[in-house]
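Step one of this worksheet: look at the structure below.
The values are calculated or read from the model by the stated rules, or taken from the named source; none is laboratory data. Predicted, not measured: the structure shown is a model, and the values here were computed from it. Using ideal geometry, Cβ is built from the backbone for each residue, glycine included, and neighbour counts are taken over all protein chains shown. Surface areas here come from the heavy atoms of the whole protein model, side chains and all, with no ligands, DNA or RNA. Shrake-Rupley method; radii C 1.70, N 1.55, O 1.52, S 1.80 Å.
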Amino acid sequence: MIKKYKIMAMISSMSAGGAQRIVMNNLYDFQDDPDIDFTLFVYDKKTDSSYDHEIEMNKLNVVYLNNPRSYIKIGPLRNILDFFVINWNWYKAIKEYRPDVVHTHISEILPKCCIVIALAKIKSRFSTLHSNPYRYSGIPKIFNRLAFKYLGFVPICLTKEQAYVAKKQYGFENYEIVHNGVDFEKINKSIVSIDEARATLGISRDKYVVLCVGRLTAIKNYSFMLDVFAKLLKKNSKAILVFAGDGEEKQNLKKKAAELGLVENVVFLGNVSNVTTAYCAADVLAMPSISEASPLTLLEAQSCGVRAVISSGVPRENIITNNVFGLNENAKIDEWVDALLSHESNIVCEFSEEDFEIHKMSYKIKELYLKSLRNS
């Protein structure tokens, strides 16, 4: 009987996010793989997130560690003890599962497990960088540098742009690039007419829909988009701004929308089960992010034929159509307004859907695992 290698993917939680979507793709693609047993370990408890429901419904290969923490609840002491408790519980899970390969997701996790992975003597170690490395400083930066430069973790970058930044931030030389995988076939099957999409979302056909998709967090710069939209509305009274997603900034954004007198023109959809419907309802996708690693949103929107206006913080490597307008760093509000209301594009794409196809990206990850095991 041929041995199947055990792969231990590790993530802190399965809340909504691009990294979580990627590990979900891997879970499906490796479900009945002849060469590897792929198991995702989640430190937190099962939640009400759509991913946790999807995992349960489809009986995917996931283990929840149920978020063990220190019993001490006193300020700084709690944080110190939590650090050791989390490391210890990851160590126990690793020793019990005895993987041939470990693969961590999202850089915040490395301080909580990179040393115990080395102590457990797992030779094949990978870590995918799902965010701009410049987002991390202090302890996370120190541990990421430790993991990549001294503990043998192979960094998997999502784009060449991200790899360039990560090399400077963490001091490594060797890395791999694996694009975020997108299920374009599934998206294409979900595409509907603009009339049907707007009817589903309760949006009038005569509206000019500016769409923002993603977690409502500060890094997405949606507060700035409200300022942009307030001025855009003066040029097009039929415009509405639609947010598809949820997050910690939601109440702040609602409050600001009210202060700007935009309550009737700003829609918060929350997390939507089929985001393709939102893309199909849009006239333009707005991405004012301060930084992005490799946003699935931009890829999905382009696949649906939606024109996109993006900030300088969005990687150009994720442009797969000639239907994107890119703004320079520190672009003014008026420049955003003009770009969102025009039909122009100013970037010639160098990549295509083929470079991000979901199953090809999973296969590339698997090849990295097997190559590492052959060389260990």
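Data table
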{"item": "Point-to-point label distance, residue 371-residue 67, nm (Cα→Cβ direction, 7 Å offset)", "result": "3.8"}
{"item": "Approximate shape of the range 282-352 as ellipsoid semi-axes (Cα gyration tensor, √5λ), whole Å, largest first", "result": "17, 14, 11"}
{"item": "Of every Cα-Cα pair in the range 192-266, the percent that sits beyond 13 Å", "result": "67"}
{"item": "Sites excluded, chymotrypsin sites (Phe, Trp or Tyr not before Pro) in DSSP loops with at most 15 other C-beta within 10 Å, longest stretch of the chain", "result": "151-376"}
{"item": "Spin-label pair residue 53/residue 82, simplified geometry with 7 Å Cα→Cβ offset, distance in nm", "result": "2.8"}
{"item": "Carbon plus sulfur fraction of accessible area for the chain, probe 1.4 Å, in percent", "result": "51"}
{"item": "Overall form of the range 1-97 per C-alpha gyration tensor (a/c, 1.5; a/b vs b/c)", "result": "oblate"}
{"item": "Cα gyration tensor of the chain - equivalent ellipsoid semi-axes, whole Å, descending", "result": "37, 23, 20"}
{"item": "Amide hydrogen neighbours beyond the local backbone of residue 177, cut-off 5 Å, H modeled", "result": "157"}
{"item": "Only Lys, Arg (+1) and Asp, Glu (-1) charged, at Cβ; the range 1-67 dipole about Cα centre in debye", "result": "200"}
{"item": "Rounded accessible area of residue 115 (nearest 10 Å², 1.4 Å probe)", "result": "70"}
{"item": "Share of Cα-Cα pairs in the range 21-153 lying beyond 24 Å, as whole percent", "result": "34"}
{"item": "Euclidean distance of C-alpha centroids, the range 127-165 and the range 335-363, integer Å", "result": "25"}
{"item": "Accessible area of residue 69 in the full protein assembly, 1.4 Å probe (Å², nearest 10)", "result": "80"}
{"item": "Cα centre as origin, Lys/Arg/Asp/Glu Cβ charges: the chain dipole, Debye", "result": "1500"}
{"item": "1.4 Å probe accessible area per residue over the range 177-274, in Å²", "result": "49"}
{"item": "Intensity falloff of the range 97-193 expressed as log10 I(q)/I(0), Debye formula with alpha-carbon point scatterers, at q = 0.22 Å⁻¹", "result": "-1.06"}
{"item": "Exposed-site-free run, longest, the chain (rule: GluC sites (Glu not before Pro); DSSP loop; at most 12 other C-beta within 10 Å)", "result": "1-172"}
{"item": "Shape metrics for the range 142-282, restricted to C-alpha atoms - Rg then Dmax, Å", "result": "19.8, 58"}
{"item": "Per residue value of the accessible surface for the range 1-141 (all protein chains in place, 1.4 Å probe), Å²", "result": "51"}
